[in-house]
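Reading through the structure tokens given below for one structure.
The values are calculated or read from the model by the stated rules, or taken from the named source; none is laboratory data. In this text, all values refer to a predicted model and were calculated from it rather than measured experimentally. Positions of Cβ are generated from backbone atoms using ideal geometry, with glycine treated the same way; all protein chains shown enter the neighbour counts. Ligands, DNA and RNA are stripped out before the accessible areas are found, and what is left, the full protein with its side chains, is counted by its heavy atoms. Shrake-Rupley method; radii C 1.70, N 1.55, O 1.52, S 1.80 Å.
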Amino acid sequence: MNFFNDSQIARLAIANTNDLVNLLTFPFMQRAIVGAVLMGILGGMLGSFVTLRQLSFFSHAVGHAALVGVALGVLLQINPTWMLLPFTLVFGVIVLYFIDKTDLGSDSVLSIVLSGALAIGVILTSLIKGYRGNLMAVLFGDILAIDTTDLILTLLVLVGGSIFLLSTLRQQILLTLNPDVAQVQGIPVQLYRYVFVVLLSLAVAVAIKAVGVLLVNAFLVIPASTAKLMSHHFSRFLIMSVIVGSISSIAGIIVSGIFNFASGPSIVLVQFLLFVAVFIWFKLNLKAA
């Protein structure tokens, strides 16, 4: 069995790096980088509230249920993106309504709904005849395949989310830390919760094409969790989350281009490795102190 030695690996990496530089001149690569920055900012911003409000399982459920929307789009011969957006939005709102109106714990409701949605998604997928390459792309993501429409949708969700969250930041922080006090002070808690779920569902929908159904939750949670290790001050935490999300997305695309890895898993792998590095760094500093 032949193995690559270090020099062969180095030459291969250099050749791939040169190829990557050439790739940057192509429109699809430029769209991928712009999309990575936009989605990194969006994921970092929303992920900050997701981690603090313990909604990571919620975004996980919405992401996996999106398979139903994609399968419906393929079966009805509709662009899956246009089916995915309304489906995830309605699904997220309905799940939150179920959580509010039942005595069951939110994790139980989410597990039930997630299981049912996955079962429906698998059955619908089995009904699709012929080529299923689009479904594989939905599962694992391909940020290099995003088009101008995807960028516009991502930008609209990002602008809308930024306006809403930043214009009500003090109320959002209070709602995150203590919902009961926020209610007493006259903050429309339920309205803010439902608006945030709408934003979160739309963010999941636009990010699925980049990182896939299976990894979209990590795209929201890992950058914010990494930032949380670095700062406990909310404003700095929010800014660091956005920076980590953006930088790791671009780095993931570069890794994908150099080593010819799938783009979605590459982005999440970079985010994971960054989280581990930050965790170890701060653990060592705490021990040294």
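Taken over segment 145-178, residues that are under 27 Å from S249 (Cα atoms), touching a Lys or Arg at 6+ places or on another chain (Cβ under 8 Å) and either assigned to a helix (DSSP H, G or I) or at pLDDT below 80 (or both) amount to 5. Using the structure shown, decide if F58 is modelled with pLDDT under 85, in a helix (DSSP H, G or I), more than 27 Å from D147 (Cα to Cα) and open to solvent by less than 50 Å² (accessible area, probe 1.4 Å). Considered against the rule, which asks whether it is modelled with pLDDT under 85, in a helix (DSSP H, G or I), more than 27 Å from D147 (Cα to Cα) and open to solvent by less than 50 Å² (accessible area, probe 1.4 Å), F58 comes out as yes.
From the list I99, I33, the lone residue that is out of contact with any Asp or Glu (no Cβ under 9 Å at 6 or more places or on another chain), part of a helix (DSSP H, G or I) and either free of Cβ contacts under 8 Å to residues at least 60 places away in the same chain or crowded, with 23+ Cβ neighbours inside 10 Å (or both) is I99.
Return yes when L174 is in contact (Cβ under 8 Å) with a residue 40 or more places away in the chain and surrounded by 16 or more Cβ atoms within 10 Å (Cβ to Cβ) and no when it is not.
On the way: in contact (Cβ under 8 Å) with a residue 40 or more places away in the chain: no; surrounded by 16 or more Cβ atoms within 10 Å (Cβ to Cβ): yes.
No: the conditions fail for L174.
Residues that are within 15 Å of the chain's Cα centre (by Cα) and surrounded by fewer than 24 Cβ atoms within 10 Å (Cβ to Cβ) within segment 62-72 comprise just one, H64.
For A227, the criteria (1) over 15 Å from the mean Cα position of the chain (by Cα); (2) over 24 Å from V255 (Cα atoms); (3) at pLDDT 90 or above hold in every case but one, which is (2). In the set V93, V122, only one residue is more than 20 Å from S56 (Cβ to Cβ) and in a helix (DSSP H, G or I); that residue is V122. Restricting F164, F140 to those that are touching a residue at least 40 places away in the same chain (Cβ under 8 Å) and either surrounded by 13 or more Cβ atoms within 10 Å (Cβ to Cβ) or closer than 18 Å to V197 by Cβ (or both) reduces the list to F140.
Among the candidates M136, M83, the residue that is at pLDDT below 85 and touching a helix residue (DSSP H, G or I) at 6+ places or on another chain (Cβ under 9 Å) is uniquely M83.
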